[in-house]
Every structure is written in C-alpha cells, then in structure tokens.
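The values are calculated or read from the model by the stated rules, or taken from the named source; none is laboratory data. Fair warning: this is a prediction, and the values are worked out from it, not measured in the lab. Counting neighbours? That spans all protein chains shown, and the Cβs are built from the backbone with ideal geometry, glycine included.
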Amino acid sequence: MRIEGLSAADIAAPVSGQKQDRDIFDLQPGRITELVGVPGTGLTRLGLKLLAPHARVAPVVALDTRGWISPEAAWETGVIPERLVVVRCDDPVMWPKVTAALLEGVRAMYAEVPARIRDQDLRRLAALARARRVAVAMRSMGNGLPGGVAYLRLRALGVTWEGADRGHGRLTRRRMMLEATGKGAAGMARRFEVEDEGTDDVRVVSDVVVDQARRAVG
C-alpha cells in the first residue's frame, strides 16, 4: 500500500509532519484500531487495506461475521493472496474463542465484531493482542468497542464516488472523510479526506484539526 510514492508509514502524513499523524493509517503491533461507520462507507475496504503492509512479511487474517468479505477484495488492496486467511464466524459464543486462537498465529487481523459480544471478552482479547503483539483493526456490528480497548478510532463521516450511477457502471474514484481520535491521534480529533481510485493506492487529499476547522468557519 502506498500513496503517490510514499511508503505505508507515511500514508497519512499531514502538513504538520508530526510522527503521530504519520502513524494513523498504520496498524501498530499490540494495539487495536477501531473502525466505526455505517455500511457502504468503505470501511471493509479500509480494514483490508490496513492488512496489506503486514501481509508482505507474515500471514494475516480477515474475520468475517456477515459473509460479505471476499478474498478478491483483499487482493485488490494489496494483500498477498498466499498470506491471507478469511475466517467466517457469526456465533457470539464461538467468536471470542475463534478470535483468541487466531491471535496466537498471525501478525495482523481485521475483525468484524458481532453485536452481542461481552465487554469483558473484548478486553481480554485486547490484552492477548498486546501480549502477542498482533496488530488489529476491529469493526463492531453493535454499539462499538468498550472504553479503553481501542488505541485509535477511525470514524467514517461520509463517502462520495464517481463512475457509478444508480447502481450501474464502474467505480472510478471514491472519497471518504474520516475522523481520527484517541491516543493514536495524539489526543486530537483530526479529519482526513482519503481518495481511492479502486487500486491498492490511496491518497490523502486533506488533513485538518477539527478545532481549527471550527474556528476557521466561525
């Protein structure tokens, strides 16, 4: 995964150049990034894309609870086919056990979280991810992750696309507005406009601090 010649480590580098901002789109070993937003905002593609740098050196896993994830979608984002495992589990009783087993054997994971998973199970899995230094992106199908689990939270605020009209045509470009909060965003709320042209290249076209933007508009 790259952005106009930049490495994955620089994927979200803003004008300020702060290290915390450069790391926003990198899954950190032992830390959880939470993806938040309604279906249709591109979060599945983003979650798979976050796996791509890790798949260059070790196996990665996509844990699917809705039956929507296809290997081809992950390959399009740059995930190496031979290093991708797709596991489907929508049972809230089995899901914590399946997730714990996967955390023992992979470098990075994108996991959809069923709506009825207990907070204590998620905290236990977060502790296991830290101990095994697995980089994890989680997307809850319910009310979100409990406090203290996510190191970084990426919320999809909206999406626009070009090339598809009324469900027909080829998608040529998509722009997603994301808000980053949490420790991984250095305690600030930042908004990023991310442009995706349907390949494994993604381009950040704007980056603003939310408080500054509010003052700017009055």
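Do you know which residues across the stretch 111-126 are of a type outside the set (Val, Ile, Thr) and assigned to a loop (DSSP other than H, G, I, E, B)?
PRO114, ALA115, ARG116, ARG118
Filter the stretch 28-48 for residues that are under 15 Å from MET138 (Cβ atoms) and modelled with pLDDT under 95; which is surrounded by the fewest Cβ atoms within 10 Å (Cβ to Cβ)?
Per the criteria, the residue is GLN28.
As an exercise: evaluate ALA101 against (1) within 18 Å of the chain's Cα centre (by Cα); (2) among the aliphatic types (A, V, I, L, M); (3) not in a loop (DSSP other than H, G, I, E, B) and give the number of the one condition it does not meet.
That leaves (1) as the condition not met.
Would you check if there is a residue in the stretch 153-168 being surrounded by fewer than 16 Cβ atoms within 10 Å (Cβ to Cβ) and at pLDDT 90 or above?
Scanning the stretch 153-168 turns up at least one residue that is surrounded by fewer than 16 Cβ atoms within 10 Å (Cβ to Cβ) and at pLDDT 90 or above.
Which one is modelled with the highest pLDDT, of the residues in the stretch 58-74 that are within 13 Å of VAL113 (Cα to Cα) and out of contact with any Asp or Glu (no Cβ under 7 Å at 6 or more places or on another chain)?
Step by step, filter the stretch 58-74, then rank; the result is ALA62.
With the structure loaded, tell me whether GLU104 is of a type in the set (Asp, Glu) and surrounded by fewer than 20 Cβ atoms within 10 Å (Cβ to Cβ) or whether it fails that test.
Yes: the conditions hold for GLU104.
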